[in-house]
Amino acid sequence: MDQNETNFITDKEYIRGVIRKSVVSHDHIEDGRPSLDYLAPMTNVQVEFWQNFQANGGKILRCHTRQDRLDLLRRLAKDQQYNAVVCTHNNLCPDLEQAQMNYVNTLSTNTPMDAVVALSTTLVARTGSIGFTQPVSRFLSMRNIAKDVIVISRMSDIVPDIESALDRNKKFAQEAGMEFVTPSVLPKVDNKEVRTPQQPRYILLLLDERPPQHA
């Protein structure tokens, strides 16, 4: 092992020690939550979320208008041949009807679901996570419902970290419960992803209200 590699390992262990010390230090606790002062600041929260979400295995489909979103839903319904879709919010029903998705509003133990369509009002850049709040869903959890989780959100809903997400939720959702879900890279068999309700694929339909850039 050369000197440069030795220095790299030593520096890495030092940084880990600093982070561990910062996490347990009372200097970094505010309102019962750890402060993120010791983490590097983000120069662009939207880029950071995009990178982290996809690195975790999530898929992002960007759209600029509601019509774009309808076209993407219609394409997913056709390409994936969904037979049973769960709609988690009444406001989504018109979109699913126009996309010709066969959806239900309640879960049945006898009918396996191909996909669930949900709203998220908070996306966490640092972890690449999706935040779900009870007021925008009739389900307490987005886990273990279907092998595909289709999430509709906006670029403006991206926040830097979980601390910011909790503060945002407290302000706009009257302290309702919040669930954070982070995608994971799916296992493959014969070079094909294996999707189950326990290990679903997360597809984010991300509305970017800014007009598209043309070259």
Per-region count, segment 181-191, residues under 21 Å from Thr88 (Cα atoms) and open to solvent by less than 50 Å² (accessible area, probe 1.4 Å): 2
Residues satisfying the stated conditions in segment 155-203, i.e. of a type in the set (A, V, I, L, M) and in contact with a Pro (Cβ under 9 Å, 6 or more places away or on another chain): Ala173, Ala176, Leu186, Val194
Selected residue (criterion: nearest to the chain's Cα centre (by Cα)) from residues of segment 171-191 that are part of a loop (DSSP other than H, G, I, E, B) and at pLDDT below 80: Gly177
Index of the failed condition, Asn90 passing every other in (1) within 18 Å of Asp157 (Cβ to Cβ); (2) modelled with pLDDT of 75 or more: (1)
Residue match in segment 60-80 (condition: farther than 14 Å from Leu205 by Cα and of a type in the set (S, T, N, Q)): yes
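The values are calculated or read from the model by the stated rules, or taken from the named source; none is laboratory data. Fair warning: this is a prediction, and the values are worked out from it, not measured in the lab. With ideal geometry, Cβ positions are generated from the backbone for all residues, glycine too; neighbour counts draw on all protein chains shown. Note: areas computed on protein heavy atoms with side chains; ligands, DNA, RNA excluded. Shrake-Rupley method; radii C 1.70, N 1.55, O 1.52, S 1.80 Å.
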